[in-house]
């Protein structure tokens, strides 16, 4: 089945009918390189700390700790779900008015009913055998646990939000995953059952069953992701742990409003939104009624 979308209309249709679409060339090559370098640097910080903790446990009678921190959670299939510094640049403004992925904003808003928030930014790194070997060298230990293999089939959110819904019910999506491959995906480095190159965007319904394949290559495979959801949706399934890998507590990233006027602003920053509303009111009065009503709806939610 071909899921490549060449227009906004085709992307919306594919999401509605199949729950997934692929859009080529969303991120420019320089944006891909910037994001890849930043993502790998952040993962390296996390991995060094994890290796140090495991090395300390090796010399004690304590069992290896479960990797469940605010900055990183271990997933099956040799994967780390990392949010360490992922709310900072260059990721924070991906969907801003002039952001690297701004061309996706109209599509995402259309698919999610006209208003949406970016509720999570992160990367999933599928470790390679070489990556695990380097981790063992850092720990000066042969006991670093290697966990390779295909992931279990899963959804990222509940298939239905309503107990009375039947399997034949086809409701609009409440949240979408947006994946940005930061390296070429192929059959050996653990793709999420898609074939796409760097700069492409893979958008799929939070309810879609999917899995990541094993990374049998000699390079780690980072995948940048964003979760975009309707304003009322909160993800309780993939909650983050508050305990920090680096000690103390982790402050969660704020929800980021998605839209042409508010993109990139934390929803909780009511003063910024109020200032923004005042700044666009003169333009609203000079626009058509349909445009005015949409802008007012967009600026009113704080």
Determine, yes or no, whether residue 213 is buried (at least 17 other Cβ atoms within 10 Å of the Cβ), within 30 Å of residue 29 (Cα to Cα) and modelled with pLDDT under 85.
-> yes
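Results for (1) crowded, with 18+ Cβ neighbours inside 10 Å; (2) at pLDDT below 50, shown as yes or no for each residue.
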residue	(1), (2)
206	yes, no
238	no, no
299	yes, yes
302	no, yes
Verdict on residue 118 being part of a strand (DSSP E or B) and modelled with pLDDT of 95 or more = yes
Within the stretch 137-164, restricting to residues that are surrounded by 14 or more Cβ atoms within 10 Å (Cβ to Cβ) and in contact with a helix residue (DSSP H, G or I) (Cβ under 8 Å, 6 or more places away or on another chain), the one that is modelled with the highest pLDDT is 148
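The values are calculated or read from the model by the stated rules, or taken from the named source; none is laboratory data. Everything numeric here is computed off the predicted structure, so don't read it as measured data. With ideal geometry, Cβ positions are generated from the backbone for all residues, glycine too; neighbour counts draw on all protein chains shown.
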